[in-house]
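Novice: Below is a structure I'd like to ask you about.
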Amino acid sequence: MSLTIVFYIVPDFELLDLSGPICVFNMAAKKKEGSYNVKVVSAGGGYIKSSSGVAVDTQALQVVACDSLILIGGSDEKARSQGPLKSRQISVASEKARRLASVCTGTFLLAEAGLLDGKRATTHWRFTERLQAAYPSSEITSDRIYVQDGKLWTSAGVT
């Protein structure tokens, strides 16, 4: 059985936050610890440039069942905000995911989509106060590497 892992990226995303987790699934598959169908998606598909200038070819986000939907953010404001239409797209897609996760500032994308309301979460320590102030209905912690709240997983970095 193959598990579908979907990574959602935005313009100016942090390349390490995408490549690190993808490599983990690749290594697990090589060691026969699972079979993974990894997809990289964005709101509209096409090439998306990372903050380091490397562009990644993506598929358009579709509402399909997946094992994990993982959101990747970036260090600037643009990479942490997608606007209401794209946030709604993330929210709808999350309903079909068995597990919902974010790497580092991808937590902002979850919050903007309303997926952190009443939830515990974390992000990079530099951004925890900003995230808590912007989304007071969530409980943001700065002293955890990762936080799990039901099907929601958030991490402070590429971990």
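The values are calculated or read from the model by the stated rules, or taken from the named source; none is laboratory data. Source: prediction; values computed, not measured. Heads up, the Cβs are rebuilt from the backbone with ideal geometry, glycines too, and the neighbour counts pull from every protein chain shown. Just the protein is used for accessible areas: all its heavy atoms, side chains included, with ligands, DNA and RNA removed. Shrake-Rupley method; radii C 1.70, N 1.55, O 1.52, S 1.80 Å.
Novice: Pick out, from Ser52, Leu131, Tyr36, the residue whose Cα sits farthest towards the positive end of the charge dipole of the chain, with +1 on the Cβ of Lys and Arg and -1 on the Cβ of Asp and Glu.
Specialist: The listed residue farthest towards the positive side: Tyr36.
Novice: May I ask for the equivalent-ellipsoid semi-axes of the chain, computed as the square root of five times each C-alpha gyration tensor eigenvalue and listed largest first in whole Å?
Specialist: Numbers: eigenvalues 98, 60, 50 Å².
Taking √(5λ) for each eigenvalue gives 22, 17, 16 Å, largest first.
Novice: Among Lys31, Lys96, Lys119, which one shows the highest mean-square fluctuation when the chain is modelled as a Gaussian network with alpha-carbon springs under 10 Å?
Specialist: Lys31
Novice: Using θ = phi - 60° and the Karplus relation 6.51 cos²θ - 1.76 cosθ + 1.60, list the HN-Hα couplings for the stretch 63-74 in order, rounded to whole Hz, with x at every Gly or Pro.
Specialist: 8, 9, 5, 8, 6, 9, 10, 10, 9, 10, x, x
Novice: What does the helix-only formula give at 222 nm for the chain: each DSSP H stretch with n ≥ 4 adding -39500 (n - 2.57), the total divided by the residues, and the result rounded to the nearest 500 deg cm²/dmol?
Specialist: Values: 4 runs with 42 residues, N = 159.
Using -39500 (n - 2.57) per qualifying helix, the result is -8000 deg cm²/dmol.
Novice: Ok, one more. Once the Cα atoms of helix 83-94 and of the chain are each reduced to a long axis, what angle between those two axes, in degrees from 0 to 90 to the nearest 10, is obtained?
Specialist: Between the helix axis and the principal axis of the chain, the angle is about 50 degrees.
Novice: Between the helical axis of 15-30 and the dominant principal axis of the chain, each derived from Cα atoms, what acute angle in degrees is found, rounded to the nearest 10?
Specialist: With rounding to tens, the tilt is 40 degrees.
Novice: Moving on. Can you give me the accessible area per residue for the chain, using a 1.4 Å probe, in Å²? Don't skip to the end; give the middle numbers.
Specialist: On the way: 8080 Å² over 159 residues.
Per-residue value: 51 Å².
Novice: In addition: Output the relative contact order of the chain, whole-number percent, from Cα pairs under 8 angstrom with separation of 6+ residues. Don't jump to the answer; show the numbers that get you there.
Specialist: Working: 367 pairs, mean separation 34.2, N = 159.
Once normalised by length, the contact order is 22 percent.
Novice: Over the chain, what percent of the accessible surface lies on carbon and sulfur atoms, probe 1.4 Å? Walk me through the numbers on the way to the answer.
Specialist: Working: 4390 of 8080 Å².
C and S fraction of accessible area: 54 percent.
Novice: Using DSSP, restrict attention to beta bridges with both residues in the chain and report what percent are antiparallel, rounded to the nearest 5. Please report the intermediate quantities before stating the final value.
Specialist: Values: 8 of 35 bridges.
The antiparallel proportion sits near 25 percent.
Novice: Sticking with this one: Going down the table (Lys119/Lys151; Lys39/Lys96; Lys96/Lys151; Lys86/Lys119), which pairs top 19 Å between alpha carbons? If you can, show how the numbers build up before the last one.
Specialist: Numbers: Lys119/Lys151 11 Å; Lys39/Lys96 15 Å; Lys96/Lys151 12 Å; Lys86/Lys119 21 Å.
Checking Cα-Cα distances, Lys86/Lys119 exceed 19 Å.
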